[in-house]
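To keep things clear, I will list the structure first and then write my remarks on it.
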Amino acid sequence: MSLIKLKKDQTVFIGRHGNCIKAENDSERVLSRNGVEATELVENSLGVLDFMTATKPLTSPFRKRGVVVTSPAIRVRQTSDILFGKAPIRIIHDDLYNFEQFPHVNELYQNKIEDPREYYNADKEAILSFQDRFKNFLMSKDVMSAQYVAIMSHAIVSNFIAELFTDDSSVMDKMLPESGGFLISKDGVGVITS
């Protein structure tokens, strides 16, 4: 699959939701106090980096400053609200929460598979299909015309998304920590954690 090419001065943040409280319905889990605090620390880091803020000039060839794409799960939307509360454009994308599309995902979360690359090999066909659909979604919604793009999701799904933007193998070294994220630009990949 070909990478999504970033433009000069374009930055993508791919983040994982913060720590959350157990709930009967998984999609209704909310951030814990620790999840909120850790996410606020990440927000401070993004602010220092001027990510998606009005203080950085909007340069051509961008038509809009920032777009946030998020999973419909409450904990992800809460994390997104803390990080990008003033983002003018938000898109909720259901496929970011569809874990059934990955047949071996439960093995990963039950620690039967520890290395993301091992999991990737177990579900490679499903992951490639997800990546292809998500890339098409980003293009169809004109998301990549924004100078700053934030994609908020869940654990290993964030790693799969990062692979759409970089061939840096470090994005598959391990799952992002809660509230963490990859910051990707033409200059490379960084990891922001609390």
(request) Return the residue satisfying two criteria in turn: it lies in segment 162-192 and is over 20 Å from LEU83 (Cβ atoms) and not in a loop (DSSP other than H, G, I, E, B), and of such residues it is least open to solvent (accessible area, probe 1.4 Å). (result) MET172
(request) Being hydroxyl-bearing (Ser, Thr, Tyr) and free of Cβ contacts under 8 Å to residues at least 24 places away in the same chain narrows it down to one of SER140, SER158, so name that one. (result) SER140
(request) Those residues that are more than 12 Å from the chain's Cα centre (by Cα), more than 20 Å from GLY18 (Cβ to Cβ) and touching a residue at least 24 places away in the same chain (Cβ under 8 Å), I need them from segment 173-194; list them, please. (result) ASP173, SER185, LYS186, VAL189
(request) Name, by its number, the condition in (1) surrounded by 15 or more Cβ atoms within 10 Å (Cβ to Cβ); (2) within 17 Å of ASP26 (Cβ to Cβ) that does not hold for PHE134. (result) (2)
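The values are calculated or read from the model by the stated rules, or taken from the named source; none is laboratory data. Treat the numbers as computed from the prediction; the structure is a model and nothing was measured. Backbone-built Cβ (ideal geometry, glycine too); neighbour counts: all protein chains shown. What goes into the accessible areas is simple: the full protein's heavy atoms, side chains included, and nothing from ligands, DNA or RNA. Shrake-Rupley method; radii C 1.70, N 1.55, O 1.52, S 1.80 Å.
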